[in-house]
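Have a look at the structure below before the remarks.
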Amino acid sequence: MDRRFLLQAWTLALISKARAAEPLPVVATFSILADMTRVIGGDDITVRTLVPVDGDAHAWEPKPADLRAVRAAAVLVQNGLGLEGWMARMPKAADFKGLLVTAARDVEPRLMTEDGKQVTDPHAWQDPRNGVLYVRAIADGLRGALPEAAARMTSRADAYISEIEVTDRFITEALAAIPAAKRIILTSHDAFGYYGARYGITLRAVQGISTEGEPSAKDIATLVAQIKREKIHAVFVENMTDPRLSAAVARESGAVLGPNVYSDALSPSGGPADTYLKMLRHNTQRFAEAMALN
Ligand SMILES: [Zn+2]
């Protein structure tokens, strides 16, 4: 723990003591982190999400109300690994004075080559083992900011970690029947690299690591040829990406446009992926169904 962290934690402890039983105001950059943070913080905190459900965390811009919420927050939880490019300026613009928590703090980053450049894949939460690391990092931050609730944070975090581990085993079992030759998934943007690495699945994607790049006509032609050659059954569109490009790829390659999967944002409450754990299960079931038909 560095000195700056300790100082911030100490300042926050004084602030929170003065506030007594008021829940600690926490802001998370996007819905998946907000869900994790809520589970760990329980009634001891309130959580506001910046990028909403079904929203795109790569390309997002804060509105004045978001900056006000960040200014009032005691803790701001971000992913890191370059997901939220807009976080480079936003805390300063919002005059944020609380504790910044990087959920991916302890993650071993996955590097990829894109257009000849080496880039870091930010979608680490798609591997549940990284989800566990996220929970530990967020719990550390919340405990630092609200020491009097530390024991409760720890017990909620421990119970949550057990649930994530159960989900990881569920995924392994759900995919066990898929033969190696059929383990290929095609998604609209390249958000499932950590998932694929964890469960032995090859990923193809219409767009790259970020939703901000546009594939060229040549890229699309190469992808269409690859889909035909690899007999990929379905193109999956993530809830937060523009479906048009994927629909065109499906049309040209003869692949089926699959049901929505969830990569960078949860579904609205009551939807099929309104928590991190439900998202992992939903995606796995959809992928398993499609890969069986590859
Ligand atoms: Zn993404």
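Within the listed set P64, P259, P122, the residue fluctuating most in the Gaussian network model of the chain (springs between alpha-carbon atoms under 10 angstrom) is P64. Say a paramagnetic label sat at a point 7 Å from the Cα of D43, along Cα to Cβ; which residues of the stretch 126-153 have their backbone N under 14 Å from it? The answer is 149, 152-153, whose backbone nitrogens lie closer than 14 Å to the label point. Applying a DSSP loop filter and a limit of 16 other Cβ atoms within 10 Å to the GluC sites (Glu not before Pro) in the stretch 200-294 leaves E212.
When the Gaussian network model of the chain links Cα atoms closer than 10 Å, the mean-square fluctuations of V166, V39, V53 top out at V166. Within the listed set M240, M153, M90, the Gaussian network model of the chain (springs between alpha-carbon atoms below 10 Å) gives the highest mean-square fluctuation for M90. Remark: relative contact order (the chain) = 18 percent; criterion is Cα-Cα distance under 8 angstrom and separation of 6 or more residues.
Counting DSSP beta bridges with both partners in the chain, what percentage is antiparallel, nearest 5? Rounded to the nearest five, the antiparallel share is 20 percent.
A DSSP coil position with no more than 13 other Cβ atoms inside 10 Å describes none of the trypsin sites (Lys or Arg not before Pro) in the stretch 236-294.
Fully extending the segment from R244 to A217, taken as 0.36 nm per residue of separation minus the present Cα-Cα distance, adds 8.3 nm. The alpha carbon centroids of the stretch 130-170 and the stretch 239-294 are separated by 27 Å. Note: relative contact order over the stretch 174-292, using C-alpha pairs below 8 Å and six or more positions apart, is 26 percent. Each listed q (0.12, 0.20 Å⁻¹) maps to a log10 I(q)/I(0) for the stretch 3-169, found by the Debye formula over equal Cα scatterers with no solvent: -0.52, -1.38.
Cross-link partners of K278 among lysines, defined as those whose alpha carbon lies under 28 angstrom from its own and excluding same-chain residues fewer than eight positions apart: K182.
Each other residue within a Cβ distance under 12 Å of F96 adds +1 if Lys or Arg and -1 if Asp or Glu, for a net charge of +3. With the Kirkwood sum run over all distinct C-alpha pairs, the stretch 174-292 has a hydrodynamic radius of 14.4 Å. Only Cα sites of the chain enter the Debye sum here, all with the same form factor; the resulting log10 I(q)/I(0) across q = 0.15 1/Å is -1.13, listed in q order. Heavy-atom accessible area with a 1.4 Å probe sorts F170, F30, largest first, into F170, F30. The lysines within cross-link reach of K97, meaning a Cα-to-Cα straight distance under 18 Å and a gap of 8 or more places when in the same chain, are K17. Our estimate of slack between S162 and K228, defined as 0.36 nm per intervening residue step minus the Cα-Cα distance, is 19.7 nm. Computed over protein heavy atoms with a 1.4 angstrom probe, the accessible surface ordering of E214, E84, largest first, is E214, E84. Note on A65/A180: beta-carbon distance plugged into 1/(1 + (r/R0)^6) with R0 of 35 Å gives a FRET efficiency of 0.10.
The values are calculated or read from the model by the stated rules, or taken from the named source; none is laboratory data. Please read these numbers as outputs of a predicted model, since none were measured by experiment. Ideal geometry is used to build each Cβ from the backbone, glycine not excepted, and the neighbour counts take in all protein chains shown. Calculation scope for accessible area: heavy atoms of the full protein, side chains included, ligands and nucleic acids excluded. Shrake-Rupley method; radii C 1.70, N 1.55, O 1.52, S 1.80 Å.
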